[in-house]
Amino acid sequence: MIIVTGASGQLGHAVLERLLDRAPAEQVGASVRDPSSVRDLAERGVRVRRGDYADPASLAEAFDGASRVLVVSANTLGEEGLRQNRAAIEAAVVAGAERVLYTSHAGARPDSPFPPMPQHAANEEVLRGCGAPYTALRHGFYASTIPMLLSSAWHTGELRVPDAGPFAWTTHGDLAAVAALALTDDVLDGITPPLTGPEAVTMEQLADLAADAAGRTIRHVTVPDAEYRAALVERGVPEGGADMLLGMFAASRRGDFATVDPTLPRLLGRPATPVSEVFVVPAQA
Ligand SMILES: NC(=O)c1ccc[n+]([C@@H]2O[C@H](COP(=O)([O-])OP(=O)(O)OC[C@H]3O[C@@H](n4cnc5c(N)ncnc54)[C@H](OP(=O)(O)O)[C@@H]3O)[C@@H](O)[C@H]2O)c1
């Protein structure tokens, strides 16, 4: 049985949708903290069981009979996040999975200033030593981050962000399709190349694309890190969250999110989805 964790989340649910195109529902399992959140999957014949990374006993139940497990990275940082991801990877191996897959990141680096990236690098180390074949899917930066970056710009006409390097934005849909393929076929082994969208987009280009989509001027303005942080905190973003975003921009300046790689479109058999196709312009912009 192929088990997908994080089934209530954007990525996990999309992977299950794609997986149901490739495998019979009785061979597919979903692991979620709250089984009632994915009734749609249970109705389609998917085995839904409670699995909480913070409760290893629940993972033994959720992963029972697993041939392959996709561990969607926990969205908790620090020691607790490391513990949770390790528990999920180890539970998959104990359940007898012939391959453990994990949603890593194209920017995974032990020395990255963006806190999720050292965490992904540490989880890749856990995979290396887990004793089972593994696949660390190095996901490109989620294009779903873009609305957060543009939230003020739609109204002010200015994208005010710190100095930044380019981002090879990548859609959940493309990544879900590749993950489903990697769960059913032996197409990816070990640490994968970056699985990315088709272009590395600068903040200036992002502002231009947003302007085209909205049919109005949106100017790109580079602001000092401290000014950006202060504006976020004033808007109610917790200080830790503001610092994390500054870390994201710092990592981008190192070029950590800039690589565009042909692996994802090769596996999909079509071009990766460009950013211009995923803009959602708010009605009041
Ligand atoms: N590549 C990137 O650019 C990028 C960007 C952002 C995030 N990420 C990572 O990618 C992951 C998936 O992204 P997404 O868009 O699908 O996020 P999402 O919609 O927030 O989904 C996260 C999923 O993780 C589950 N989860 C959280 N804590 C858990 C735990 N202790 N035990 C079991 N499941 C747990 C959540 O379950 P509940 O419904 O029970 O909360 C949810 O199903 C994120 O968790 C994050 O680590 C990557």
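Worth a mention:
- Of the residues making up the range 38-81, those that are of a type outside the set (D, E, K, R) and assigned to a helix (DSSP H, G or I) number 11.
- Taking the conditions (1) within 26 Å of the chain's Cα centre (by Cα); (2) within 21 Å of Ala143 (Cα to Cα); (3) in a helix (DSSP H, G or I) in turn, Asp212 satisfies each one other than (1).
- Exactly one residue out of Ala95, Ala153, Ala143, Ala87 is more than 11 Å from the ligand (Cβ to nearest atom) and within 22 Å of Ser8 (Cα to Cα): that is Ala95.
- Qualifying residue in the range 74-81 (condition: surrounded by fewer than 24 Cβ atoms within 10 Å (Cβ to Cβ), within 17 Å of the chain's Cα centre (by Cα) and within 24 Å of Glu17 (Cα to Cα)): yes
- Scanning the range 98-114 for residues that are farther than 20 Å from Val178 by Cα and either near the ligand (Cβ under 9 Å from one of its atoms) or touching a helix residue (DSSP H, G or I) at 6+ places or on another chain (Cβ under 6 Å) (or both) turns up Arg109, Pro110, Ser112, Pro113, Phe114.
- The range 1-51, subset basic (Lys, Arg) and more than 12 Å from the ligand (Cβ to nearest atom), residue farthest from Ala179 (Cα to Cα): Arg39
- Residue in the range 115-134 that is within 11 Å of the ligand (Cβ to nearest atom), in a helix (DSSP H, G or I) and among the β-branched types (Val, Ile, Thr) present: no
- Pairs are defined by a Cβ separation below 6 Å, a sequence spacing of at least 6 or placement on different chains, a first member in the range 21-45 that is touching a residue at least 12 places away in the same chain (Cβ under 8 Å), and a second member that is more than 13 Å from the ligand (Cβ to nearest atom) and part of a strand (DSSP E or B); the pairs so defined are Val28/Ile2; Gly29/Arg47.
- Among the residues making up the range 135-165, those that are surrounded by fewer than 18 Cβ atoms within 10 Å (Cβ to Cβ), touching a Ser or Thr at 6+ places or on another chain (Cβ under 9 Å) and either part of a loop (DSSP other than H, G, I, E, B) or aliphatic (A, V, I, L, M) (or both) are Gly157, Asp163, Gly165.
- Residue check for Thr5: free of Cβ contacts under 8 Å to residues at least 40 places away in the same chain, within 23 Å of Phe141 (Cβ to Cβ) and among the β-branched types (Val, Ile, Thr): no
- Condition check for Leu232: farther than 15 Å from Ser152 by Cα, touching a helix residue (DSSP H, G or I) at 6+ places or on another chain (Cβ under 7 Å) and in a helix (DSSP H, G or I): no
- Of all residues making up the range 104-123, the number that are over 17 Å from Glu79 (Cα atoms) and in contact with a Phe, Trp or Tyr (Cβ under 7 Å, 6 or more places away or on another chain): 2
- Among the residues of this structure, Met248 does not count as one that is in a helix (DSSP H, G or I), surrounded by fewer than 18 Cβ atoms within 10 Å (Cβ to Cβ) and modelled with pLDDT of 95 or more.
- Residue among Glu125, Glu158 that is free of Cβ contacts under 8 Å to residues at least 24 places away in the same chain and among the charged types (D, E, K, R): Glu125
- Scanning the range 52-84 for residues being within 11 Å of the ligand (Cβ to nearest atom) and touching a Leu at 6+ places or on another chain (Cβ under 8 Å) gives a total of 5.
- Taken over the range 226-257, the criterion of being more than 24 Å from Asp111 (Cβ to Cβ) and in contact with a strand residue (DSSP E or B) (Cβ under 9 Å, 6 or more places away or on another chain) is satisfied by Glu227, Ala231.
The values are calculated or read from the model by the stated rules, or taken from the named source; none is laboratory data. If you're wondering where the values come from, they're calculated on a predicted model, not measured in any experiment. Cβ sites come from the backbone with ideal geometry, for glycine too, and all protein chains shown count toward neighbours.
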